[in-house]
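Readers should treat all values here as calculations from the given coordinates under stated rules, not as data from a laboratory. On a predicted model such as this, the values are computed, not experimentally measured, just so you know. No Cβ is skipped: glycine too gets one built from the backbone with ideal geometry, and neighbour counts run over all protein chains shown.
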Amino acid sequence: MIDIFFVRHAKASAKTAGEEDFSRPLSKRGRNDSRLIGQELLRVHGRETSQVLCSSSKRTLQTAEMLTSIGLIKSSEIVSHDQLYLADPHDITKVIEKHFPFSTKRVFLIGHNPGMTVLADLIPNIKLDHLPTGGVIHIQYPKDSKSWNWSHSKIQSVIYPKLLKS
């Protein structure tokens, strides 16, 4: 099985006058939440070679950098994709299919809402109203599949910063 982690970027700073949405950085809370989520993933799953497919926006790349800073992933594993910026589930699936079959046993996909939440509805046995910022959906997918099909995925867990703080 392949472990796939769908990561919604952490909390971004409020948009300032003249600033493009694409360029919004993480807020202080976002940096802290990314670190918290990364530490939990590292504690539960350990460090393993991964493929990281990341939106090319500033806040998603900074989320990936925070996961790198705690040792969950390596910067050399990150591949940014313009197609993942505010992508809908169809576009997210196209990026996944482009890289499938995966060359590692662990994949991170770092993106945005609403696409990440709507994507969750394609995964059997999960209904999610809203994936909070910094939230992670962990699924497993058969490594021997010949093509990508959401019905083959199995939900393992959903975590988000507020769960870890309570």
Of the residues that sit in the range 16-38 and are over 24 Å from residue 163 (Cβ atoms) and either hydroxyl-bearing (Ser, Thr, Tyr) or in contact with a His (Cβ under 6 Å, 6 or more places away or on another chain) (or both), which one is surrounded by the fewest Cβ atoms within 10 Å (Cβ to Cβ)?
16
Among the residues of the range 41-93 satisfying the criterion of being of a type in the set (D, E, K, R) and in contact with a strand residue (DSSP E or B) (Cβ under 7 Å, 6 or more places away or on another chain), which is surrounded by the fewest Cβ atoms within 10 Å (Cβ to Cβ)?
48
Counting only residues that are farther than 26 Å from residue 121 by Cβ and either among the small types (Gly, Ala, Ser) or within 12 Å of the chain's Cα centre (by Cα) (or both), the range 74-99 contains a total of 3
Where in the range 1-101 are there strands (runs of 3 or more DSSP E), lying wholly inside it, with at least 3 residues that are out of contact with any helix residue (DSSP H, G or I) (no Cβ under 6 Å at 6 or more places or on another chain), under 24 Å from residue 152 (Cβ atoms) and touching a residue at least 12 places away in the same chain (Cβ under 8 Å)?
2-8
Identify the residue in the range 106-153 that is touching a residue at least 40 places away in the same chain (Cβ under 8 Å) and charged (D, E, K, R) and, among all such residues, is farthest from residue 36 (Cα to Cα).
143
So which of 113, 125, 149 is at positive phi and of a type in the set (S, T, N, Q)?
125
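For (1) in a loop (DSSP other than H, G, I, E, B); (2) more than 16 Å from the chain's Cα centre (by Cα); (3) surrounded by fewer than 14 Cβ atoms within 10 Å (Cβ to Cβ), each residue gets a yes or a no:
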| residue | (1), (2), (3) |
| --- | --- |
| 110 | no, no, no |
| 113 | yes, no, no |
| 134 | yes, no, no |
| 137 | no, no, no |
| 145 | yes, yes, yes |
| 164 | no, yes, yes |
Just give me the residues in the range 15-49 being among the small types (Gly, Ala, Ser) and within 17 Å of residue 136 (Cα to Cα), in sequence order.
30, 34, 38, 46
